[in-house]
Amino acid sequence: MGSRAVDERSLQLLEFPRVVETVAALAESPAARARLLASRPLADPAERTLEVARLAEAIRRVVEPGAWRHAGRDDLAVLVDAEAPESEPLDGADLRTVWSWIDAGARTRDGWRDAGVRGRHPALAAIVDALPAAALDPLAARLDAALDADGVVKDSASPVLQRARAAVRDGERVLERQLERWAKGFGEGTYVTRHADRFVALVPAAGFSRRLGIVHDVSSSGQSLFVEPLEMCEANNQLLEQRSVAFEEERRILRELEASVRAETASLLALAEHLVHLDTLGARGRWAAARTAHAIAPAGDTLLLEGARHPLLIDALGETQVVPLDLALGGDTRLLLVSGPNMGGKTVVLKTVGLACALAHAGFPVPAREGSLLPELDTIVVDLGDEQSIAQGLSTFAAHLKTLGAMAAAAGPRTLLLCDEIGSGTDPEEGAPLAQALIEHFVATQAWGVMTTHLGSLKRAAGSMPGVANAAMEFDATGLGPRYRLLPGMPGASRALDMAERLGFDAALLARARVLTPEATRALERLLLDVEGLRARMDEERAGLAEARARAETAERALRETEANSREALAETRRRLTRESDALLARARELWQSVHREARKADKRRDTSERLRDEIGSLEVRRDELAADAERAENALGGIEGESAAAVPLSAGARVQVRDLGVEAEIVSGPDADGRVQLRRGGWTIQSHVSRLLPAARTGAARPAGATPVAPPGVTRGGVNWSVPDDVAPLEVDLRGMDVDEAIRALDAGLDRAVVSSLSELRIIHGLGKGVLRTAVDKHLRDHPQVASQRLGEMREGGRGVTVARLR
């Protein structure tokens, strides 16, 4: 942990080694398992911080697809470390193990070539980048070429070995056939076998002449002999010589390979170190993923556990069956005094807190929610259970006192003290003052601590001691059973008699015990029970409020979604009606222009005008229908985007915005009984309705999609009627400051006014600028049915900043 030695006894009491065993079981290599089993809290803060960062990345990496770590067989460091006590010459199997680790390193590097993976896990990528490759890849190729998968030297390892083994195979085949032919002369049941390294024949012992061959052995029954014929001794000798040549060549090849391996000892040890490190991180990451654990770097001045669970309880019961622990200490309050009934979970609280701190300091994941915080510690001192020792002559209380003395000596700002039943084991009249004195000492030294107690006087005193917080274990008063939930801010009743009643204790004895209980103790227990009941009711009300808030938030989200959908539906309806309206308006303009062209012709026919008038009338009817549809759609959607007409000034002379036209106008006369108003914009008179008016302050707002600021005379547009003014139409239209679309709409309106007023020319002011408006105007006029010709203005007319259109 810090500069002090790790308290091994405390780690044992916290079951740290048992938890580490469950992590080690997930490692792939024996070396990684051994390293995990030997893990203890890290003393170097910088090393611990880096390891926690690597652990956090490993926890994320294990849930991503793709293999990212590999390991070889056995323990590479033990094989190649020549100074190890068990170091021996490497045989073929050992050398093949070396190859498996080099191959694992190559496959690990291949798994980290993706730039995205490296970017998400830079600390792990740094370990992979440290894997040696340049010197080991040629060594791996040589080992693989010389040895098969079982570590046997291949024939192709050298020409000498290839020839020697070929000679052995040929000699064995020839000699075996010769022996078979020789053995047939001795009847059925004979066969060829080996004795030691020589080929022999098994023949009947009866009647065999020793002059025919050398008898190497006798069968267990004595009925058969293992015989090497004299004429085949030379062939057996030659076979032995070839085998010896092959064996010596194999030894030479293995020694050369071993020398190559020994020459790369430093690189191989570095390879093993990094791959084993990755393997341990992978095991810790898999363990964390299975238990919803997180990497926590000890730092700061807060001990905050949210949703913490003891990992061994998770393994035994399942994560959902373990009641999570929420605990907070920090600032001036570093010591927690926990009280409550026996078998209520107080000891589990101590172990969970201590184990979380030990795991975090060792670079292991902590089963707690993200956001949990742990302080940096030098040591943890734990006092749990009965530690009486016959060998040392210690009673339970003496052993307890010995540990309390060690706690008092170790207490400091970077010490965690965990004590179960502080001050117990002796007369409460003496144990309670001793416990209080120790707690005051722990507070004075700013030590972190969690203590449990049943002492009533200590519960009362803790509430008035600065730096000490009370907490209780929740108890089910109805079912008389523990709920294992820590309730901060209040002491807990011991409920010893209630627990005895639950376990079937004699009722008469219980009644007598209640009578003998001091009144002060009973009063304290009643008060604590009342407080627990009040706390339970508050928790129920809080849960009800939380549920109601959740329902309200759900309803609010649904309402917002409905409103958004309604807005989108209204906008889509407006867009559709605007597109249809614009199409009808364009058709109406064409028809109107056709009427005027026909009127100018000497051979105008009455039936053509009537037909055009009828068609215009039908378009007006359709336009009215679309306007009605739009109004009904807006009313059905609650007028989400509408604004109250009451906010619009309706007096004569007031400026308003005509919503569906996107133009600003002046009120000429107020609304009539049907809400119709008469407006003026320039030389135009507009009839509209109050429901379509907005305050003039909105003139900077965006115009509705597709809205046209003007329309031809006599054409109905969404309930708005445009009428031709009685005064003379202006001889010019000013487009300066407009974008192209807006300028073209204004130009069309100006042309309509000029045609209706029987003007012969219209002066169009577009300015010089970059020439964008002038180009757009020129293109538009070129194909316009109302324009006979166009020219740039003369100097007195505005020059190149003006275009003069001659009308038909």
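Of the candidates Trp99, Trp68, the single residue that is open to solvent by 30 Å² or more (accessible area, probe 1.4 Å) and among the aromatic types (Phe, Trp, Tyr) is Trp99. Is at least one residue of the stretch 763-784 open to solvent by 30 Å² or more (accessible area, probe 1.4 Å) and closer than 12 Å to Val733 by Cα? Yes; the residues of the stretch 763-784 include at least one that is open to solvent by 30 Å² or more (accessible area, probe 1.4 Å) and closer than 12 Å to Val733 by Cα. Report yes if Phe226 is aromatic (Phe, Trp, Tyr) and more than 30 Å from Ala146 (Cβ to Cβ), otherwise no. When the stated conditions are applied, Phe226 passes them.
Might you let me know whether the stretch 218-227 holds any residue that is in contact (Cβ under 8 Å) with a residue 24 or more places away in the chain, in contact with an Asp or Glu (Cβ under 8 Å, 6 or more places away or on another chain) and open to solvent by 20 Å² or more (accessible area, probe 1.4 Å)? Checked the stretch 218-227: at least one residue is in contact (Cβ under 8 Å) with a residue 24 or more places away in the chain, in contact with an Asp or Glu (Cβ under 8 Å, 6 or more places away or on another chain) and open to solvent by 20 Å² or more (accessible area, probe 1.4 Å). When the residues of the stretch 288-302 are filtered to those that are in contact (Cβ under 8 Å) with a residue 24 or more places away in the chain and in a helix (DSSP H, G or I), the one that is surrounded by the most Cβ atoms within 10 Å (Cβ to Cβ) is Ala288.
Restricting the stretch 470-482 to residues that are open to solvent by less than 30 Å² (accessible area, probe 1.4 Å) and of a type in the set (Gly, Ala, Ser), the residue that is modelled with the highest pLDDT is Ala471. With respect to (1) buried (at least 24 other Cβ atoms within 10 Å of the Cβ); (2) closer than 29 Å to Asp94 by Cα; (3) of a type outside the set (Phe, Trp, Tyr), the lone exception for Gly285 is condition (2). Just so you know, in the stretch 644-673 the residues that are on the phi < 0 side of the Ramachandran plot and modelled with pLDDT under 70 include one that is most open to solvent (accessible area, probe 1.4 Å), and it is Ala646.
The residues listed here are Val755, Val733; of these, the one that is under 19 Å from Arg681 (Cα atoms), open to solvent by less than 50 Å² (accessible area, probe 1.4 Å) and either at pLDDT 85 or above or within 60 Å of the chain's Cα centre (by Cα) (or both) is Val733. Condition check for Arg73 on (1) in a loop (DSSP other than H, G, I, E, B); (2) crowded, with 20+ Cβ neighbours inside 10 Å; (3) not β-branched (Val, Ile, Thr): one failure, at (2).
Where residues in the stretch 76-93 are open to solvent by less than 90 Å² (accessible area, probe 1.4 Å) and part of a loop (DSSP other than H, G, I, E, B), which of them is modelled with the lowest pLDDT? Checking each candidate, the answer is Ala84. The set of residues in the stretch 22-41 being open to solvent by 40 Å² or more (accessible area, probe 1.4 Å) and over 16 Å from Ala293 (Cβ atoms) consists of Glu28, Pro30, Arg33, Ala34, Arg35, Leu37, Ala38, Arg40. Taking each residue of the stretch 130-141 that is over 12 Å from Leu275 (Cβ atoms) and open to solvent by 30 Å² or more (accessible area, probe 1.4 Å) and looking for partners that are in a loop (DSSP other than H, G, I, E, B) and of a type outside the set (Gly, Ala, Ser) with beta-carbon atoms closer than 8 Å, six or more apart or interchain, yields Ala135/Glu264. Taking first residues from the stretch 309-331 that are free of Cβ contacts under 8 Å to residues at least 12 places away in the same chain and partners that are open to solvent by less than 50 Å² (accessible area, probe 1.4 Å) and not in a strand (DSSP E or B), the Cβ contacts under 9 Å between residues at least 6 apart in sequence or on separate chains come to Ala316/Val322; Gln321/Ile314.
The values are calculated or read from the model by the stated rules, or taken from the named source; none is laboratory data. It should be emphasised that the depicted structure is a prediction, and the values quoted were computed from it without experimental measurement. A quick note on method: Cβ atoms are made from the backbone with ideal geometry, for glycine too, and the neighbour counts reach across all protein chains shown. These area figures cover heavy atoms from the full protein model, side chains too; ligands, DNA and RNA do not enter into them. Shrake-Rupley method; radii C 1.70, N 1.55, O 1.52, S 1.80 Å.
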